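The values are calculated or read from the model by the stated rules, or taken from the named source; none is laboratory data. Source: prediction; values computed, not measured. Here the Cβ positions follow ideal geometry from the backbone for every residue, glycine too, while neighbour counts run over all protein chains shown.
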Amino acid sequence: MRAPFIVIEGLDRSGKTTQTSLLHTRLEAEGIQAKLMKFPDRTTVIGQMIDSYLRSDSELDDHVIHLLFSANRWELASYITQLLEAGTPIICDRYAFSGIAFSASKGIPSSTPSPKLPYEWCRSPDIGLPAPDLVLFLDIAPERAKLRGGYGEERYEKEELQARVRGIFQRLGSEMQNETQRPVRPNWVTVDAGRERKVVANEVWSLVEPLVINRIDDPVAKLWSDKL
Ligand code: Z5A
Ligand code: MG
């Protein structure tokens, strides 16, 4: 038996950081020591390059920044597996799904729906990463997210881009649900993030608690392993 790997994904300002933190605190209150992770992890050398790009302090080719985001996850991939096998649950704020959704949304003018970076190309570097046991997708309409604090300070925080990002998240979710490898439990759940913090936190807890209590009896899977 090993610990579960829980990923919280969602649009900007959907409350991912708020909810990962509330979940971590709740686990602690229940006497469970979980590891809180966040991508991008801006503390590593690669993470610092990403941080500089997001703040528009540096320019990078779209392919390059995409690969850096993925490399930033690979830096921690074996650590993730080790922690899970050692029994420590991981709560992760964004993961590969954000990587694909943001990059594949770039440069799609409405008249010519061909992305600068195709979806399949964007997914490739993340194939084989440790797969989450559950992805909670915090869904909120971009117009509502915009009303929340701090929206608009970084590079991707534009309403039109966010709407495209939401569409790709929805595609990722339906593909994950259709994956034949893990029929035992749902691995992608959409949570309405437009509600009160506490209401969202209670739903998140109800989805995570059984995994933490019962634990997982199969090895850490690999993301999109049918493509390996
Ligand atoms: N990115 C990428 O391109 N490729 C990748 O591979 C990865 C990421 C991993 C930075 O991410 C950017 O990197 C991001 C995607 C891209 N692009 N953009 N834009 P980040 O994770 O570092 O972003 P962030 O700065 O943490 O912001 P966020 O994720 O957008 O916000 P959030 O974590 O979802 O929301 P929050 O900080 O918890 O809450 C936002 C505000 O709303 C705050 O004032 C809260 O108090 C408030 N809030 C939260 N919940 C509620 C509720 N329920 N009601 C009302 N108000 C609320
Ligand atoms: Mg956040």
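Quick one: would you say Leu117 is in contact with a helix residue (DSSP H, G or I) (Cβ under 8 Å, 6 or more places away or on another chain) and within 19 Å of Thr17 (Cα to Cα)?
It is false that Leu117 is in contact with a helix residue (DSSP H, G or I) (Cβ under 8 Å, 6 or more places away or on another chain) and within 19 Å of Thr17 (Cα to Cα).
For region 135-144, which residues satisfy the criterion of being surrounded by 19 or more Cβ atoms within 10 Å (Cβ to Cβ) and among the aliphatic types (A, V, I, L, M)?
Val135, Leu136, Leu138, Ile140
Only one of (1) surrounded by fewer than 19 Cβ atoms within 10 Å (Cβ to Cβ); (2) within 16 Å of ligand 2 (Cβ to nearest atom); (3) farther than 25 Å from Val189 by Cα; (4) of a type in the set (Val, Ile, Thr) is not met by Thr18, so which one is it?
Looking at each condition in turn, Thr18 falls short on (3).
With the requirement that a residue be surrounded by 17 or more Cβ atoms within 10 Å (Cβ to Cβ) and at pLDDT 90 or above, what does region 107-118 give you?
If the condition is that a residue be surrounded by 17 or more Cβ atoms within 10 Å (Cβ to Cβ) and at pLDDT 90 or above, then Leu117 is the only one that fits.
From the list Asp139, Asp133, pick out the single residue that is touching a helix residue (DSSP H, G or I) at 6+ places or on another chain (Cβ under 8 Å) and away from ligand 1 (no atom under 13 Å from the Cβ).
Sole residue among the options that is touching a helix residue (DSSP H, G or I) at 6+ places or on another chain (Cβ under 8 Å) and away from ligand 1 (no atom under 13 Å from the Cβ): Asp133.
With the condition kept exactly as written, say whether any residue in region 52-62 is in contact with a Leu (Cβ under 8 Å, 6 or more places away or on another chain), more than 17 Å from Asp133 (Cβ to Cβ) and surrounded by 18 or more Cβ atoms within 10 Å (Cβ to Cβ).
At the first step, the residues of region 52-62 found to be in contact with a Leu (Cβ under 8 Å, 6 or more places away or on another chain) are 53, 60, 62.
Within this subset, residues satisfying the condition of being more than 17 Å from Asp133 (Cβ to Cβ) are 53, 60, 62.
With the extra rule that they be surrounded by 18 or more Cβ atoms within 10 Å (Cβ to Cβ), the set shrinks to 53.
The answer is yes, given that some residue of region 52-62 is in contact with a Leu (Cβ under 8 Å, 6 or more places away or on another chain), more than 17 Å from Asp133 (Cβ to Cβ) and surrounded by 18 or more Cβ atoms within 10 Å (Cβ to Cβ).
Can you spot a residue in region 6-14 that is more than 7 Å from ligand 1 (Cβ to nearest atom), in contact (Cβ under 8 Å) with a residue 24 or more places away in the chain and among the charged types (D, E, K, R)?
So far as region 6-14 goes, yes, one or more of its residues are more than 7 Å from ligand 1 (Cβ to nearest atom), in contact (Cβ under 8 Å) with a residue 24 or more places away in the chain and among the charged types (D, E, K, R).
Go through the residues of region 193-210 one by one and say whether even a single one is under 16 Å from the mean Cα position of the chain (by Cα), surrounded by 14 or more Cβ atoms within 10 Å (Cβ to Cβ) and closer than 21 Å to Gly99 by Cβ.
Step one: list which residues in region 193-210 are under 16 Å from the mean Cα position of the chain (by Cα), which gives 193, 204, 208.
From the residues that got through so far, the ones that are surrounded by 14 or more Cβ atoms within 10 Å (Cβ to Cβ) too are 193, 204, 208.
From what's left, closer than 21 Å to Gly99 by Cβ: 193.
Taking every residue of region 193-210 in turn, at least one turns out to be under 16 Å from the mean Cα position of the chain (by Cα), surrounded by 14 or more Cβ atoms within 10 Å (Cβ to Cβ) and closer than 21 Å to Gly99 by Cβ.
Any chance you could count how many residues in region 1-15 are closer than 16 Å to Val191 by Cβ and of a type outside the set (A, V, I, L, M)?
Summing the residues that are closer than 16 Å to Val191 by Cβ and of a type outside the set (A, V, I, L, M) in region 1-15 gives 6.
Restrict the check to region 25-37 and report whether at least one residue is more than 26 Å from Cys122 (Cβ to Cβ), touching a Leu at 6+ places or on another chain (Cβ under 8 Å) and buried (at least 20 other Cβ atoms within 10 Å of the Cβ).
yes
Give me a count of the residues in region 159-179 that are surrounded by fewer than 15 Cβ atoms within 10 Å (Cβ to Cβ) and either in a loop (DSSP other than H, G, I, E, B) or in contact with a helix residue (DSSP H, G or I) (Cβ under 7 Å, 6 or more places away or on another chain) (or both).
Count: 2.
Answer yes or no: is there a residue in region 104-111 that is more than 14 Å from ligand 1 (Cβ to nearest atom), in contact (Cβ under 8 Å) with a residue 24 or more places away in the chain, closer than 23 Å to Ile6 by Cα and among the hydrophobic types (A, V, I, L, M, F, W, C).
Step one: of region 104-111, the residues more than 14 Å from ligand 1 (Cβ to nearest atom) are 108-111.
Still in the running and in contact (Cβ under 8 Å) with a residue 24 or more places away in the chain: 108.
When the remaining residues are screened for being closer than 23 Å to Ile6 by Cα, the result is none.
There is no residue in region 104-111 that is more than 14 Å from ligand 1 (Cβ to nearest atom), in contact (Cβ under 8 Å) with a residue 24 or more places away in the chain, closer than 23 Å to Ile6 by Cα and among the hydrophobic types (A, V, I, L, M, F, W, C).
Tell me which helices (runs of 4 or more DSSP H) are completely within region 1-105 and hold 3 or more residues being under 29 Å from Glu143 (Cβ atoms), among the aliphatic types (A, V, I, L, M) and in contact with a helix residue (DSSP H, G or I) (Cβ under 8 Å, 6 or more places away or on another chain), or say none if there are none.
In region 1-105, 96-103 are the helices (runs of 4 or more DSSP H) which contain 3 or more residues that are under 29 Å from Glu143 (Cβ atoms), among the aliphatic types (A, V, I, L, M) and in contact with a helix residue (DSSP H, G or I) (Cβ under 8 Å, 6 or more places away or on another chain).
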